[in-house]
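Below: one structure, written as structure tokens.
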Amino acid sequence: MNTTDAVIAAPNSHKVLLENDNVRVVEVVILPGQKEPMHTHEWPSVMIVDSSTKIKYYTESNEGIEYPEKETTKEKPFLEWLAPEALHAVENLDQSKTYHAIRIEIKQKN
């Protein structure tokens, strides 16, 4: 496994809930004010965000792009399709709320 893989490079914010030959389901937790280490995601995925916060997304060159908090609840999460991601990090800009999501990574067969 790649040493920049999210689970290895950012283990405090990425926890594997289920993994097999087809998918990897990862819980993503970013505590208030916390910035993850730089990491990658090898496979395309569905991101299910059930506790959104204002975040800053950092690219490999450390350029930061801010994104507003999305309206989410456990009953009505925000869903999005994500392509594989190059080296990046995410910072939770909220000082009192935890960012929480489930990322379902679809393993591509070569």
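The values are calculated or read from the model by the stated rules, or taken from the named source; none is laboratory data. Remember, it's a predicted structure, so these values are computed and weren't measured experimentally. We place every Cβ from the backbone using ideal geometry, glycine too, and count neighbours over all the protein chains shown. Only protein heavy atoms, including side chains, enter the accessible area calculation; ligands, DNA and RNA are left aside. Shrake-Rupley method; radii C 1.70, N 1.55, O 1.52, S 1.80 Å.
Just the accessible area for Ile65, please: 1.4 Å probe, Å², rounded to the nearest 10?
80
List residues of region 1-36, by number, whose backbone nitrogen lies under 11 Å from a label position 7 Å along Cα→C-beta of Lys107.
Under 11 Å, as judged by backbone N against the label point of Lys107, lie 19-25 of region 1-36.
So with the 1.4 Å probe, I'd like the accessible area per residue for the chain, rounded to whole Å².
58
How many lysine pairs does region 9-110 hold where the Cα atoms are under 15 Å apart and the two sit 8 or more places apart or on different chains?
Taking region 9-110 as the scope, the lysine pair count is 9.
Do any GluC sites (Glu not before Pro) in region 65-110 lie in a DSSP loop with no more than 11 other beta carbon atoms within 10 Å, and if so, which?
Glu71, Glu75
Is the C-alpha gyration tensor of the chain telling us rounded, prolate or oblate? Criteria: a/c under 1.5 is rounded; beyond that, a/b larger than b/c is prolate, otherwise oblate.
oblate
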